[in-house]
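Engineer: Once you've had a glance at the structure underneath, I'll fire off some questions.
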Amino acid sequence: MDQYIEFVSNHPILSAAWVGLVALIVGGWFKSKFSAIRQINPQQLTLLINREDGLVVDIRAQKEFNNGRIAGAEHLSPEKAKQSDFSSLEKSKSKPIILVCTTGMTASGIATAMHKAGFESVYVLSGGMGAWQNAGLPTTTGR
């Protein structure tokens with residue numbers, strides 16, 4: 001214990017950095033555990049579609065959407081999503097909605113906006129379409 005005290009007194013900046021990192025990690029863990037928005041994997045997405053009539057909403061650009069998407073996915077343009085224009089999805093407010101983007105990063109902010117707009121169950125595909133394709137799951141193309 002004396003060595004820890006000596007280290008902290010000799011290296012206050014390094015010690016403060018370590019405390020800050022631990023606080024960020026613990027804070028991030030608590031935020032993810034108690035958030036209304038859940039990150040799900042491709043298998044959980046499939047279960048939500050099959051068991052709870054979940055709706056996949058793809059928020060990638062139209063060209064990416066046309067080149068390959070999850071079967072049955074609806075498209076919501078990135079512009080509308082960023083402006084919180086969810087009028088095309090109003091009829092699905094009580095359904096589980098799974099947001100899909102390219103990597104899973106953009107969808108998190110949109111999911112928070114959807115939850116604030118009154119959507120009951122909003123999920124994000126962790127890893128986005130990349131995770132779906134890496135799992136070897138099928139995609140469909142066309143308009």
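No value in this document is a laboratory result; all are computed from the given coordinates. Please read all numbers here as calculations on a predicted model, not as lab measurements. No Cβ is skipped: glycine too gets one built from the backbone with ideal geometry, and neighbour counts run over all protein chains shown.
Engineer: Between helix 106-116 and the chain, what is the angle of the helix's C-alpha long axis to the longest principal axis, kept within 0 to 90° and rounded to the nearest 10?
Structural biologist: For helix 106-116, the angle is close to 80 degrees.
Engineer: With a 10 Å Cβ neighbour count serving as the proxy for reagent exposure, in which order, fewest first, do Lys95, Lys63 appear?
Structural biologist: Ordered by Cβ neighbours within 10 Å, fewest first: Lys63, Lys95.
Engineer: Name the most mobile residue of Ala71, Ala61, Ala131, meaning the one with the largest mean-square fluctuation, in a Gaussian network model of the chain with Cα contacts below 10 Å.
Structural biologist: Comparing Ala71, Ala61, Ala131 in a Gaussian network model of the chain, the most mobile one is Ala71.
Engineer: Something else: Arrange Tyr123, Tyr4 by Cβ neighbour counts within 10 Å, fewest through most, would you?
Structural biologist: Tyr4, Tyr123
Engineer: Can you sort Arg69, Arg51, Arg60, Arg38 from fewest to most other Cβ atoms within 10 Å of each residue's own Cβ? Mind dumping the intermediate values first?
Structural biologist: Details: Arg69 21, Arg51 9, Arg60 24, Arg38 16.
Sorted ascending by nearby Cβ count, the order is Arg51, Arg38, Arg69, Arg60.
Engineer: Still on this structure: So how many Lys-Lys pairs in the chain land under 23 Å Cα to Cα, not counting same-chain pairs under 8 apart?
Structural biologist: Lysine pairs, 8 or more places apart or on different chains, close enough: 18.
Engineer: Still on this structure, I have one more. Hey, got a sec? Which GluC sites (Glu not before Pro) in the range 62-143 land in a DSSP loop and have at most 13 other Cβ atoms within 10 Å?
Structural biologist: Hits after loop and neighbour filter: Glu120.
Engineer: Moving to a separate point now. With N set to the residue count of the range 36-134, report its C-alpha Rg divided by 2.2 N^0.38 Å to two decimal places.
Structural biologist: After normalising by residue count via 2.2 N^0.38 Å, the value is 0.94.
Engineer: Rounded to the nearest 500, what is the 222 nm mean residue ellipticity of the chain from helices alone, with -39500 (n - 2.57) per DSSP H run of 4+ residues and division by all residues?
Structural biologist: Result for the chain: -15000 deg cm²/dmol, rounded to the nearest 500.
Engineer: What number, in percent, do you get for the relative contact order of the range 36-134 if the mean sequence gap of Cα pairs under 8 Å and at least 6 apart is divided by its residue count?
Structural biologist: 37
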